[in-house]
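Below is one structure; the comments refer to it alone.
The values are calculated or read from the model by the stated rules, or taken from the named source; none is laboratory data. This one's a predicted model, so the numbers in the text were calculated from it and none came from an experiment. Every residue, glycine among them, receives a Cβ derived from its backbone with ideal geometry; neighbour counts consider all protein chains shown. Accessible surface is based on the protein model in full, side chains and every heavy atom, while ligands, DNA and RNA are left aside. Shrake-Rupley method; radii C 1.70, N 1.55, O 1.52, S 1.80 Å.
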Amino acid sequence: QVQLVESGGGLVRPGGSLRLSCAISGNIGSIDTMGWYRQTPEKQREFVASLYGSGGTNYADLAKGRFTISTNNAKNTVELQMSSLKPEDTAVYYCNVIGRRTVFAAASAYWGRGTQVTVSS
């Protein structure tokens, strides 16, 4: 079983910064993609950023220039550094991993339970 646990959310003033972290554990042999998504009650879950096994990254327009996704050498943590936060960044942020139990297994998507980020003065 694979578990993703997010942390680092909270209340921050506009213009401030937060660093979200996602701890990855369990039976996962290889990871294809790590990513962050967010959701508000008014919107469907939307893509924020992803980090590929090759090391490449991809960012939604909302994140470009303000957010940075990264991982550690062990690839058991994925972080999202957020700066210049705006009230519209308020959302529940979810960690996502696409991985395989073995190299030859089919890929599966895993989700954390989310961490709340509130940007307000």
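Before moving on, here are some points about what is shown:
- Qualifying lysines (Cα of each under 22 Å from Cα of Lys43; at least 8 residues distant if same chain): Lys64, Lys86
- Computed about its Cα centre, the charge dipole of the chain is approximately 120 debye, with only Lys, Arg, Asp and Glu carrying charge at their Cβ.
- The accessible-area ordering, largest first, of the residues Trp111, Trp36 stands as Trp111, Trp36, per a 1.4 angstrom probe.
- Candidate aspartates and glutamates for bridging to Lys75, where Cα separation is under 19 Å - those fewer than 8 sequence places away on the same chain excluded: Glu6, Asp32
- Carbon plus sulfur fraction of accessible area for the chain, probe 1.4 Å, in percent: 48 percent
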